[in-house]
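All remarks here apply to the structure that follows.
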Amino acid sequence: MDRLPDLSSLSHEEKDALIHALWAQVQALTARVAELEARLGLPKTPNNSSQPPSQGRKPNRDDKPARTGPRQGSLGRKGGGRLLAEAPDETVTARPSRCAHCQAALDAADQRLAGRFDKV
């Protein structure tokens, strides 16, 4: 119904039927508006907004608290990597006899410890 019918030509019963139909339509629209207003308060998720799926909550995963300090060192960073073995099976001290660049002879006084590591 796009246009209001001529009310003067309607009988009393037809006017009552029109009022009841309009009342039912108003009730349905009121319920729909209430549902949409309730959805406004929900947090944004990939299902109800334009967020990418990677930003949504992952299933079967606990929410981890944010890290408070710097992350632990990893390989290549100072303090990173796994700890050295307390009792190694074998200890090898590798000392070069010549410089890798100029091939000059090296003695024990020219060398210093550059690093220690475990070989698995």
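The values are calculated or read from the model by the stated rules, or taken from the named source; none is laboratory data. Worth saying up front: this structure is predicted, and the values here are computed from it rather than measured. All Cβ positions, glycine included, derive from the backbone under ideal geometry; neighbour counts span all protein chains shown. Note: areas computed on protein heavy atoms with side chains; ligands, DNA, RNA excluded. Shrake-Rupley method; radii C 1.70, N 1.55, O 1.52, S 1.80 Å.
Quick one: longest stretch of the chain between exposed loop GluC sites (Glu not before Pro), exposed meaning at most 13 other C-beta atoms within 10 Å and loop per DSSP? That would be 1-85.
Carbon-plus-sulfur accessible fraction, the chain (probe radius 1.4 Å, protein heavy atoms only): 54%. Computed over the chain, the range of Cα coordinates on each principal axis works out to 119, 36, 24 Å, biggest value leading. Starting from the stretch 81-119, pick out the trypsin sites (Lys or Arg not before Pro) whose DSSP state is loop and whose Cβ has at most 12 other Cβ atoms within 10 Å. Sites meeting the loop and neighbour criteria: ARG82, ARG112, ARG116, LYS119.
If contacts are Cα pairs under 8 angstrom and at least 6 residues apart, what is the relative contact order of the chain in percent? The normalised contact order for the chain reaches 9 percent. Only helical runs count toward this figure. For the chain, summing -39,500 (n - 2.57) over DSSP H runs of n ≥ 4 and dividing by all residues gives -8500 deg cm²/dmol at 222 nm.
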